[in-house]
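Undergrad: The structure that follows is given in the form of C-alpha coordinates.
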Amino acid sequence: MGRVAVTTPDGPAVVPVNYEVIDDRIAFRSAPGSVPAAAAGTEVAFEVDHLDETASRGWSVLVVGPARHVTEPGAVRRLAEGAHTRPWAGGEREMWVSIRPRRITGRRIDPAGE
(Lines give C-alpha, C1' and ligand atoms only; values in the text may rest on other atoms or scores of the structure.)
Protein backbone atom coordinates (compact mmCIF):
# COMPACT_ATOMS: atom_id res chain seq x y z
CA MET A 1 0.00 0.00 0.00
CA GLY A 2 1.30 3.41 -0.96
CA ARG A 3 -0.13 6.91 -1.06
CA VAL A 4 -0.50 9.21 -4.03
CA ALA A 5 -0.73 12.98 -3.53
CA VAL A 6 -2.81 14.78 -6.14
CA THR A 7 -4.25 18.22 -6.68
CA THR A 8 -8.04 18.22 -6.94
CA PRO A 9 -10.55 21.06 -7.47
CA ASP A 10 -11.11 20.95 -3.69
CA GLY A 11 -7.38 21.21 -2.92
CA PRO A 12 -4.60 18.70 -2.30
CA ALA A 13 -5.51 15.11 -1.43
CA VAL A 14 -3.41 12.15 -0.33
CA VAL A 15 -5.06 8.77 -0.90
CA PRO A 16 -3.95 5.16 -0.39
CA VAL A 17 -3.55 2.90 -3.43
CA ASN A 18 -2.43 -0.66 -4.08
CA TYR A 19 0.52 -0.30 -6.43
CA GLU A 20 2.86 -2.27 -8.64
CA VAL A 21 6.42 -1.50 -9.71
CA ILE A 22 6.73 -2.64 -13.30
CA ASP A 23 9.91 -1.84 -15.21
CA ASP A 24 10.74 1.77 -14.34
CA ARG A 25 7.18 2.84 -13.45
CA ILE A 26 4.86 2.81 -10.50
CA ALA A 27 1.35 1.80 -11.52
CA PHE A 28 -1.98 1.60 -9.74
CA ARG A 29 -5.59 0.90 -10.65
CA SER A 30 -8.37 3.34 -10.01
CA ALA A 31 -11.94 4.13 -10.98
CA PRO A 32 -12.54 6.94 -13.48
CA GLY A 33 -13.66 10.10 -11.70
CA SER A 34 -12.09 9.07 -8.37
CA VAL A 35 -9.49 11.09 -6.49
CA PRO A 36 -6.60 8.77 -7.47
CA ALA A 37 -7.70 9.01 -11.12
CA ALA A 38 -7.17 12.79 -10.88
CA ALA A 39 -3.43 12.02 -10.87
CA ALA A 40 -3.48 11.30 -14.61
CA GLY A 41 -2.05 14.17 -16.60
CA THR A 42 -0.44 15.88 -13.60
CA GLU A 43 2.77 15.90 -11.59
CA VAL A 44 2.25 13.80 -8.46
CA ALA A 45 4.02 12.57 -5.37
CA PHE A 46 3.89 8.90 -4.40
CA GLU A 47 5.02 7.73 -0.97
CA VAL A 48 5.48 4.31 0.56
CA ASP A 49 6.91 3.40 3.93
CA HIS A 50 7.35 0.65 6.45
CA LEU A 51 7.45 1.15 10.20
CA ASP A 52 8.36 -1.32 12.92
CA GLU A 53 7.13 0.45 16.02
CA THR A 54 8.46 -2.19 18.41
CA ALA A 55 12.01 -1.78 17.09
CA SER A 56 11.72 1.98 16.40
CA ARG A 57 12.89 1.35 12.84
CA GLY A 58 11.54 1.98 9.40
CA TRP A 59 12.00 3.53 6.01
CA SER A 60 10.20 5.90 3.69
CA VAL A 61 10.52 6.51 -0.07
CA LEU A 62 9.09 9.48 -1.96
CA VAL A 63 8.76 9.53 -5.75
CA VAL A 64 7.81 12.64 -7.72
CA GLY A 65 6.95 12.58 -11.41
CA PRO A 66 4.31 12.83 -14.10
CA ALA A 67 1.35 10.47 -14.01
CA ARG A 68 -0.57 9.33 -17.06
CA HIS A 69 -3.64 7.28 -17.82
CA VAL A 70 -2.48 4.07 -19.52
CA THR A 71 -4.78 3.43 -22.49
CA GLU A 72 -2.77 1.35 -24.98
CA PRO A 73 -4.37 -2.14 -24.95
CA GLY A 74 -1.02 -3.95 -24.89
CA ALA A 75 0.28 -1.85 -22.00
CA VAL A 76 -2.95 -2.31 -20.03
CA ARG A 77 -2.81 -6.08 -20.58
CA ARG A 78 0.83 -6.16 -19.46
CA LEU A 79 0.01 -4.22 -16.29
CA ALA A 80 -2.96 -6.46 -15.50
CA GLU A 81 -0.92 -9.61 -16.07
CA GLY A 82 1.98 -8.29 -13.96
CA ALA A 83 -0.19 -7.23 -11.04
CA HIS A 84 0.44 -9.12 -7.83
CA THR A 85 -2.60 -7.80 -5.98
CA ARG A 86 -6.17 -6.73 -6.51
CA PRO A 87 -7.31 -3.32 -5.23
CA TRP A 88 -8.48 -3.53 -1.62
CA ALA A 89 -11.28 -1.02 -2.17
CA GLY A 90 -14.53 -2.43 -3.50
CA GLY A 91 -15.93 -1.77 -6.93
CA GLU A 92 -14.37 -1.73 -10.36
CA ARG A 93 -10.84 -0.34 -10.58
CA GLU A 94 -9.90 -0.91 -14.20
CA MET A 95 -8.27 2.46 -15.00
CA TRP A 96 -4.48 2.14 -14.86
CA VAL A 97 -2.35 5.15 -13.96
CA SER A 98 1.44 5.05 -14.21
CA ILE A 99 4.00 7.36 -12.65
CA ARG A 100 7.39 7.93 -14.25
CA PRO A 101 9.82 8.83 -11.45
CA ARG A 102 11.75 12.04 -11.99
CA ARG A 103 12.96 12.34 -8.41
CA ILE A 104 13.35 9.61 -5.80
CA THR A 105 14.27 10.35 -2.21
CA GLY A 106 14.13 8.29 0.93
CA ARG A 107 15.24 7.87 4.46
CA ARG A 108 15.86 5.18 7.03
CA ILE A 109 14.57 5.55 10.53
CA ASP A 110 16.79 3.99 13.19
CA PRO A 111 16.58 4.15 16.97
CA ALA A 112 18.18 7.22 18.51
CA GLY A 113 21.87 6.71 19.20
CA GLU A 114 22.46 4.13 16.44
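Undergrad: In the chain, with Lys and Arg counted as +1 and Asp and Glu as -1 at Cβ, which of these residues, Gly33, Val44, Thr71, has the Cα nearest the positive end of the dipole, that is, farthest along it?
TA: Thr71
Undergrad: Explain nothing, just the number: relative contact order of the chain, from Cα pairs under 8 Å at least 6 residues apart, as a whole percent. All intermediate terms of the calculation are to be shown ahead of the outcome.
TA: Values: 232 pairs, mean separation 35.3, N = 114.
RCO, the chain: 31 percent.
Undergrad: Between His69 and Asp49, take the C-beta separation as r, use R0 = 35 Å, and let me know the FRET efficiency to the nearest 0.05.
TA: The calculated FRET efficiency here is 0.85.
Undergrad: How many nm is it between the label spots at Ala5 and Ile22, if each spot is 7 Å from the Cα in line with the beta carbon?
TA: Label at Ala5, label at Ile22, 2.6 nm between them.
Undergrad: Here is a follow-up. With a 10 Å cut-off between alpha carbons and a GNM built on the chain, which of Pro101, Pro12, Pro36 moves the most?
TA: The residue with the greatest mean-square fluctuation here is Pro12.
Undergrad: For the chain, what % of the accessible area comes from carbon and sulfur atoms, probe 1.4 Å?
TA: Heavy-atom surface of the chain belonging to carbon and sulfur, 1.4 Å probe: 54 percent.
Undergrad: Compute, for Thr71, the solvent-accessible surface of its heavy atoms (probe 1.4 Å) with the complete set of protein chains present, and express it in square angstrom to the nearest 10.
TA: Approximately 90 Å² of Thr71 is accessible to the 1.4 Å probe.
Undergrad: First select every other residue whose beta carbon is under 12 angstrom from the beta carbon of Asp23; then total the charges, Lys and Arg +1, Asp and Glu -1.
TA: Summing Lys and Arg as +1 and Asp and Glu as -1 gives +1.
The values are calculated or read from the model by the stated rules, or taken from the named source; none is laboratory data. Fair warning: this is a prediction, and the values are worked out from it, not measured in the lab. Heads up, the Cβs are rebuilt from the backbone with ideal geometry, glycines too, and the neighbour counts pull from every protein chain shown. Areas reflect the complete protein model, heavy atoms only, side chains present, ligands, DNA and RNA absent. Shrake-Rupley method; radii C 1.70, N 1.55, O 1.52, S 1.80 Å.
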